[in-house]
Amino acid sequence: MKLYSIKDHAETVSFAQAVKQGLGKNQGLFFPSEINPIDDIDALLEMNLVDRSRVILQSLIGDEFSEQELHDIVATAFNFPAPVIKINDKISALELFHGPTLAFKDFGGRFMAQCLLRLSFDKKGNGDKITILTATSGDTGAAVAHAFYGMDNIDVVVMYPKGKISFLQEQMFCTLGGNIRTIAIDGDFDACQALMKRSFDDEELRQAIGLNSANSINISRLMAQICYYFEAFAQLPKAQRAQTVVSVPSGNFGNLTAGLLAKTLGLPVKRFIAATNINDTVPRYLASGEWDPKATQATLSNAMDVSVPSNWPRIEELARVKGWDLSELASDFVSDEDTKQAVAALDEQGYLCEPHGAIAYDCLTAQLSEDEFGLFLCTAHPAKFKESVEEILGRDIGLPQELADCADKPNLSIDMANDFAALRAFLMA
Ligand SMILES: *Cc1c(COP(=O)(O)O)cnc(C)c1O
């Protein structure tokens, strides 16, 4: 597989290089040189998750992994289901939160970890030490930390905005210890992303600690996410597929990028809706043509509190390559007030949902036409946002075992100012 940097099309890399480097020069995002539609989508949709995902990923990655290797990677990474749940006659939910950290980021995190392990070390574990540096607005941290936890020769450092993620989100990755270190940054998520980008620009630092990114900018994460769109359509009645609109709760827009790539590969998605909270840079841009990010605001859907979405340039690039008019991409933003109402409306239909999924549901109900069916992505388990959900619904929703287990453990994070020099010193130590 060949990829090029969006910043400089002459900078090309293999899949292995793209996974290991994360970003190209000048923070350029890697993008596939070729995305060929897959033949016989109907047959593909008859296969099981692991076999089908192996075929999809092989069509993208090519021969950099053997069939057997890629099968093993996928079987290890995707060892949990992604069920489609019917909400009513028109609308279904795709539950992406049945992995170990109860959020959709387990798909990308686990696939990337398995790829990196095989690309960086031989079967005996020989190879240069790697440091995974990642910034999280909530769920990436947990997914990445768990995906790499206990791997020899791989250190993980996770930065997150102090006080801006939920208690349980924080407990899930700040209590692991071992090869996982966590830093609470005095700033918002965009500040954490800026620190990360500066680290990658620092060639000396990069070399010294074998810096690698596990953020949603890593192309392997997006490729893993393509697979669950196919898994969702495999579960939909055949007659509904081509009339199905998919609503994606979006922050950094990795999830939507993966969906658009799935459509490019031939999945018959009728159209997508980019759903955001009031951090609405993209809906405003699609309406006005003006890219005008505002200061990030805290919301109930904190994993989407992003005003400069890092994957957006990939969507622009895909549209350019495919000749799509992006102003045709549906989008909307949802206030906290309407998010609460959507959580309550879903509850009335017997479906417990947290704020991120509820935002996608809200946009669907607002925009779905007579002849369409809707699918919204549920990106996290409701219990991950227990405090908000219980306040909205006025009742206790309980905790699954995974969360109950980590709730009482000590938080091992260190605090740090929003200061690159301090981060650099910490990483070099
Ligand atoms: C990360 C995250 C999102 C946003 O996904 P992007 O790919 O960054 O757009 C939505 N919901 C939850 C629960 C998340 O953790």
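The values are calculated or read from the model by the stated rules, or taken from the named source; none is laboratory data. A quick note: this is a predicted structure, and the numbers were derived from the prediction, not measured. Every residue, glycine among them, receives a Cβ derived from its backbone with ideal geometry; neighbour counts consider all protein chains shown. These accessible areas exclude ligands, DNA and RNA; they are computed on the full protein's heavy atoms, side chains included. Shrake-Rupley method; radii C 1.70, N 1.55, O 1.52, S 1.80 Å.
Express the accessible area of the chain per residue in Å², computed with a 1.4 Å probe while the remaining protein chains stay in the model. Working shown, then result.
Details: 16160 Å² over 429 residues.
Roughly 38 Å² per residue, with all protein chains present.
Of the listed pairs 197/263; 86/386; 162/294, which have alpha-carbon separations greater than 25 Å here? Mind dumping the intermediate values first?
Numbers: 197/263 30 Å; 86/386 23 Å; 162/294 20 Å.
Check vs 25 Å cut-off fails for 197/263.
Put 370, 354, 391 in order of accessible area, largest first, 1.4 Å probe: what do you get? Kindly include the intermediate steps, with their values, before the conclusion.
Values: 370 175, 354 0, 391 150 Å².
Descending order: 370, 391, 354.
Nearest 500 deg cm²/dmol is fine: what mean residue ellipticity at 222 nm does the chain get from its DSSP H runs of n ≥ 4 alone, each adding -39,500 (n - 2.57), divided by its residue count? Let's see the in-between values first.
Details: 19 runs with 192 residues, N = 429.
When only DSSP H runs of four or more count, the value is -13000 deg cm²/dmol.
Can you tell me the length gained on complete extension of the stretch residue 414 to residue 308, counting 0.36 nm per residue apart and subtracting the Cα distance?
Working: separation 106, 0.36 × 106 = 38.16 nm, distance 2.60 nm.
Result: 35.6 nm gained on full extension.
If you rank 84, 157 by how much accessible surface each has, with a 1.4 Å probe, what is the order from largest down?
On the way: 84 35, 157 0 Å².
Greatest to least solvent exposure: 84, 157.
Report the accessible area of residue 90, computed with a 1.4 Å probe over the heavy atoms of all protein chains in place, in Å² rounded to the nearest 10.
70
Which value, in Å² rounded to 10, gives the accessible area of residue 98 with a 1.4 Å probe and all protein chains present?
Its heavy atoms expose roughly 70 Å² to the probe.
With every protein chain present, what accessible area does residue 288 have (1.4 Å probe, heavy atoms only), rounded to the nearest 10 Å²?
80
If you take every residue apart from residue 301 with its C-beta less than 9 Å away from the C-beta of residue 301, what net charge results, scoring Lys and Arg +1 and Asp and Glu -1?
Here the charged neighbours net out to -3.
Once Lys and Arg get +1 and Asp and Glu get -1 on their Cβ, which of 19, 50, 71 lies farthest toward the positive end of the dipole of segment 1-74?
My answer, from the dipole projection, is 19.
Can you sort 4, 285 by solvent-accessible area, 1.4 Å probe, largest first?
On the way: 4 25, 285 50 Å².
Listed by decreasing accessible area, they come as 285, 4.
Place a +1 charge on the Cβ of each Lys and Arg in the chain and a -1 charge on the Cβ of each Asp and Glu, then give the dipole magnitude about the Cα centre in debye, rounded to the nearest 20.
That gives the chain a dipole magnitude of about 780 debye.
Determine which residues of segment 385-429 fall in the zone a paramagnetic label at residue 167 would reach in this model, i.e. backbone nitrogen under 16 Å from the point 7 Å along Cα→Cβ.
385-392, 395-400, 403-412
Can you tell me which aspartates and glutamates have their Cα less than 17 Å from the Cα of residue 90? Leave out same-chain residues fewer than eight positions away.
Qualifying aspartates and glutamates at Cα under 17 Å: 347, 348, 362, 370, 371, 372.
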